[in-house]
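The values are calculated or read from the model by the stated rules, or taken from the named source; none is laboratory data. Computed from a predicted model, the values in this text were never measured in an experiment. Glycine also receives a Cβ, built like all others from the backbone with ideal geometry; neighbour counts cover every protein chain displayed. The protein model used for the area step is the full one, side chains on, heavy atoms only, and it has no ligands, DNA or RNA in it. Shrake-Rupley method; radii C 1.70, N 1.55, O 1.52, S 1.80 Å.
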Amino acid sequence: MNIKSFAILAGVLALAACGDNTPNPELLKGANFIATGNGTDITLAFDANEMRVNGQVVNLYNGSYEVNGNQIKFSPFASTMMMGPMDAMQTEQDYFQFMTTVETYDLKDGRLTLKNADGKEIVFQQVEPTAEVVEEAAVVEEVPADAIAIPVAAEPETKTAE
């Protein structure tokens, strides 16, 4: 190998080594994740069109998020208020509190790791949406009432006495 080829190869390798390892926030859009452990699954789904998330621990929840490079911030979540087993309820409460402290994320090989400043983290595995999730996302079109044809039953013929 001559010196010129070696210099070109070294330059290419140096540029590759300086590559940006920041996760691509576009990969979050439409992605679905699950974290398992402690007997309670936590789901997290990123909306494909808006900066919104939803999921379920015991209760269904939703909220918004902001992302800049590898930094991510979640708003406090709104959730339903159903009761469940005490350990699952505690997991949910801890999760909701943790999510408001998340500062960074990493997404590699289908694993989403969310971390806060204290070094605490939660790791999710990417999953395909289930049929149930797809059904919930169905779009319903509103049709004006005057555009709906309602069949009217014909009145039965009555015979008159002749």
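What residue, of Val102, Val67, Val58, Val123, is under 18 Å from Glu26 (Cβ atoms) and modelled with pLDDT of 95 or more?
Val67
Here Met82 passes the criteria (1) open to solvent by less than 80 Å² (accessible area, probe 1.4 Å); (2) modelled with pLDDT of 95 or more except the one numbered (1).
When we screen Ala153, Ala138, Ala145 for residues that are more than 14 Å from the chain's Cα centre (by Cα), within 24 Å of Asn32 (Cα to Cα) and at pLDDT below 50, the only hit is Ala138. Condition first: among the hydroxyl-bearing types (Ser, Thr, Tyr), modelled with pLDDT of 95 or more and out of contact with any Phe, Trp or Tyr (no Cβ under 7 Å at 6 or more places or on another chain). Can you find one or more residues in segment 22-40 that meet it? No, segment 22-40 contains no residue that is among the hydroxyl-bearing types (Ser, Thr, Tyr), modelled with pLDDT of 95 or more and out of contact with any Phe, Trp or Tyr (no Cβ under 7 Å at 6 or more places or on another chain). Among the residues of segment 57-107, the ones that are of a type in the set (D, E, K, R) and touching a residue at least 60 places away in the same chain (Cβ under 8 Å) come to 1 in all.
Among the strands (runs of 3 or more DSSP E) confined to segment 55-109, the ones with at least 3 residues that are among the charged types (D, E, K, R) are located at 102-108. Filter segment 110-129 down to residues that are more than 16 Å from the chain's Cα centre (by Cα) and outside any loop (DSSP other than H, G, I, E, B), then give me how many there are. Looking only at that region, the number is 3.
Going by what's in this entry, would Asp94 be described as open to solvent by 60 Å² or more (accessible area, probe 1.4 Å) and of a type outside the set (A, V, I, L, M)? It is true that Asp94 is open to solvent by 60 Å² or more (accessible area, probe 1.4 Å) and of a type outside the set (A, V, I, L, M).
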